[in-house]
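What follows is a set of notes on a single structure, which appears directly below.
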Amino acid sequence: MGVDSTDVESLGIVVIPPAVRRRLASAVVLVPILLVILWVLFLGEGSPAGTAVTEPGELAVVIFNGLTFAGLLFVVSAGLTLIFGLMRTVNMAHGSLILFSGYIAIDLQQSMVGKKRNIDTNDVGLLDWIVPLLVAAVIVAVFGVLMQQVFLRWNQGEDMRQTLITLGISVILADQMLAHFGGLAKRMVWPGAVTYFFEVMGERYAMTRLFMLAAAVVVGVVLWLWLNRTRMGMIIRAGVDDQTMVRALGINITLVFGITFFVGAFLAGFGGVMAASFAGIAPGADGQWLLHSLVVVIIGGLGSIRGAVAGSLLYGMSLAAAPAYLPKGYAYYAIILTFAVLALVLAVRPHGLFGREE
Amino acid sequence: MESAIDRLSGRNLLLVVTLAAVLLLPLVGSEYFVEFVMVRTLMLGVAASSIVFLSAYGGLVSLAQILMFGIAGFMIGNAVGEAGSKGLKLGWNPWVAVAFALAVVVLASLILGALSSRTTGIYYLIQTLTYAVIGYYFFGQVTALSGFGGLTGIDPPPVFKGHPVRLYYVCAGLSVFAYVGFRLLSRTPFGMALQGIRDDPVRMASLGFNVPLHRTLAFVVAGFVAGTAGVANIWWNGQIDPMSISIGPTLDLLIIAVIGGVSYLEGAWFGAFIFVAGNNYLRNLPLVEHIGITEARFNTVIGALVVVIMLLSPEGVSGLAGRILAGLRSGRLSGKDPAQRVEDEANKKGASA
């Protein structure tokens with residue numbers, strides 16, 4: 001082949017001994033974290049929220065915002081990471097499923113309340129929110145399984161091919177949803193029972209955000225119980241570790257794949273309704289929520305549920321902190337902070353916090 | 001071996017004919033076809049060829065190429081903009097602006113390429129997709145550089161102002177530069193090492209090659225090429241906004257590479273032609289309106305095309321054509337395993353180098 005083997009030194013690359021590298025890596029992580037804490041506590045006088053020492057209420061609100069948004073992020077990204085963990089399929093249509101579910105739930109809620117627009121929160125009972133949520137999530141889950149059975153079942157293992165297929169599907173879905181649901185932004189209405197404000201350390205806070213967090217915690221706990229306390233969960237965890245062995249034990253892995261895809265798409269649907277209630281949806285929201293999910297799984301590690309929790313918390317916190325603690329005039333540059341967090345994690349752990357090297 | 005060399009020269013002959021056709025086109029083609037369809041085809045082809053280069057020689061599927069394309073455009077817009085326009089309004093000489101824009105592209109791809117250099121496959125794809133979307137929000141949010149409204153009224157250098165055919169030749173030149181450059185690069189020691197890393201990174205690392213460094217440099221080269229296409233784009237368009245580098249165009253560029261076949265450099269321009277021509281002429285096709293496909297549903301057609309190509313032949317239209325040709329030659333249609341094909345091609349390249 002005539003290739004000269006090139007020496008690392010001759011390329012002018014300094015070889016760093018492992019011990020120094022480890023210390024360097026922890027310094028790369030710890031120094032920015034320390035600086036951020038110092039900034040938030042004492043230095044950030046020019047920021048919109050002020051320093052945490054003088055304005056503890058503002059800090060509490062930021063932490064609440066971060067936690068509640070992290071809940072939504074977790075539900076939205078858990079399906080993506082669950083499917084990837086078992087099947088090595090990155091479902092690029094995940095964002096489309098989120099958007100699709102939101103649209104179905106909004107239509108359903110409108111027909112349950114009997115009003116097309118200007119729905120008052122007091123018209124919306126708890127059931128007018130939960131029933132559309134479950135129906136939409138199940139429809140989207142069935143749709144996801146159909147997609148998997150028709151397009152992905154027979155090319156299992158060819159990850160790039162599957163990714164591009166789901167990508168093509170997402171382009172079709174986005175276009176068809178634009179045609180059927182129109183281009184206007186729509187919003188799911190929270191139930192009236194949770195739409196009020198309460199006081200926390202002198203600041204008003206919306207109960208709906210806590211309701212969202214509670215829903216996310218319920219989803220997380222049920223998912224955890226399912227994966228850790230049932231036979232099916234055990235099989236899935238075993239499949240994540242060694243698919244061939246699971247197959248050799250006589251377990252119908254194709255069925256397990258189908259079920260996993262159902263649950264993954266159901267989670268996307270669940271998250272979609274929460275997102276439609278929290279932020280509203282419009283064409284393009286599919287890409288936005290796909291980005292959110294991808295950032296979460298890249299930070300946390302693709303395929304790990306624990307990683308999804310960690311990624312959601314880190315990303316949610318940085319999104320909540322950006323408008324409050326970036327210096328005035330830069331307050332809306334949240335994207336730079338997002339990139340900084342992402343870069344920091346990737347610099348130290350290329351496969352994410354809980355990711356595994358292939 | 002004999003037939004491999006024959007096929008190679010046949011391929012080169014076809015390329016020379018295509019090049020001649022591209023160069024002579026402005027003499028015979030309609031104004032619209034040359035200035036809108038072909039200019040866009042060549043520009044997008046160059047940008048997509050950088051995806052193909054990374055994928056075919058480095059085993060890295062990058063979705064950040066449209067970002068580099070966009071960064072070049074935004075930087076030119078900021079550098080040449082004069083009082084009254086948005087952005088930094090530096091008012092520089094347009095040629096200085098080009099050097100500046102490409103320098104920024106190289107710097108950005110160095111950082112992003114290094115960040116992702118220890119991953120491959122699906123991880124690389126989603127990380128670069130994330131960079132692309134972050135880039136979209138970056139230029140949207142940072143109003144000092146652009147804002148969601150974008151930059152408008154950017155003039156190309158005076159040589160090209162009002163001379164779209166000259167711009168067409170610039171794009172043709174860039175295409176030749178990208179194609180020949182990538183093919184030559186693949187035969188240098190760097191290119192050979194990159195292909196070795198694509199096939200077996202662990203082995204190459206143990207032979208003493210710096211795997212992340214090679215991947216990073218490949219990403220920088222690809223970014224630079226995509227950046228040159230971005231320069232041509234801003235000269236042609238006169239404006240740029242974040243929407244033009246959002247997730248939609250990001251996927252479009254990948255789709256172009258996929259239509260052409262992500263392991264054939266030529267496929268990039270072929271895919272770009274199908275994409276641009278489809279975008280321009282779909283409404284003229286007879287009967288399509290009867291089955292509910294209108295111009296507005298172009299994305300559905302493109303998405304369906306991707307799904308169909310991926311279901312039939314993951315190597316795109318070029319791969320499909322190659323397979324049919326090979327099948328006719330050997331008297332039967334045999335689908336070769338893609339991994340085997342890559343290996344064959346690598347052997348072929350090794351033999352010819």
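The numbers here are math on the coordinates, done by the rules we state, and not lab data. Computed from a predicted structure; not experimentally measured. All Cβ positions, glycine included, derive from the backbone under ideal geometry; neighbour counts span all protein chains shown.
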- Note on the structure: Counted neighbours (other Cβ, 10 Å), sorted fewest up, put A:His351, A:His292, A:His94 in the order A:His351, A:His292, A:His94
- Debye calc, one equal point scatterer per Cα of region A:218-358, no solvent, log10 I(q)/I(0) at q = 0.17, 0.20 1/Å comes to -1.09, -1.32
- Within a 10 angstrom radius of each residue's Cβ in A:340-350, how many Cβ atoms of other chains show up on average? Whole number is fine. 3
- Item | Per-peptide average of other Cβ atoms within 10 Å, ordering A:163-169, A:54-60, B:111-117 highest first | A:163-169, B:111-117, A:54-60
- Message: Given the options B:Ile71, A:Val113, B:Val180, identify the residue whose Cα lies farthest towards the positive end of the charge dipole of the protein assembly as shown (+1 on Cβ of Lys, Arg; -1 on Cβ of Asp, Glu).
- Response: B:Val180
- Message: Over all directions, how big on average is the projection of the convex hull of the alpha-carbon atoms in region A:150-282, in square nanometres?
- Response: 11.9
- Item | Per-selection metrics, the protein assembly as shown (Cα): Rg and Dmax in Å | 26.2, 83
- If R0 = 22 Å, then A:Asp123 and A:Val217, at their Cβ-Cβ distance, give a FRET efficiency to the nearest 0.05 of 0.20
- Query: What's log10 of I(q)/I(0) for region B:2-352 at q = 0.07, 0.12 Å⁻¹, Debye sum over Cα points only, no solvent?
  - Reply: -0.30, -0.90
- Message: Under 20 Å from a point placed 7 Å out from the Cα of A:Arg247 along the Cα-to-Cβ direction: which residues of region A:78-116 have their backbone N that close?
- Response: A:83-91
- At 4 °C and 1.567 mPa s, grab the translational diffusion coefficient of region B:197-240 from Stokes-Einstein with a Kirkwood Rh over Cα pairs, rounded to a whole number in µm² per second. 104
- Item | Sites B:Thr152 and B:Phe36, calculated FRET efficiency, Cβ-Cβ separation with R0 22 Å, nearest 0.05 | 0.70
- Distance in nm between A:Leu35 and A:Ile130 label points, each 7 Å along Cα→Cβ, equals 4.8
- Message: With unit charges on the beta carbons (Lys and Arg positive, Asp and Glu negative) and the dipole taken about the Cα centre of chain A, which residue among A:Ser96, A:Leu82, A:Ile139 sits farthest to the positive side?
- Response: A:Ile139
- Note on the structure: At 10 °C in a medium of viscosity 1.306 mPa s, chain A has a Stokes-Einstein diffusion coefficient, with Rh taken as the Kirkwood radius over alpha carbon pairs, in µm² per second, of 72
- Message: Taking a virtual spin label 7 Å from the Cα of B:Ala205 along the C-beta vector, which residues in region B:101-126 bring their backbone nitrogen under 20 Å of it?
- Response: B:112-126
- Task: Mind pulling the per residue volume of the convex hull built on the Cα atoms of region B:106-258? Å³ is fine.
- Result: 129
- Square roots of 5 times each gyration tensor eigenvalue, C-alpha, region A:184-239, largest first, Å: 35, 16, 9
- Anyone know which of B:Val106, B:Val80, B:Val180 comes out most mobile in the 10 Å Cα GNM of chain B? B:Val180
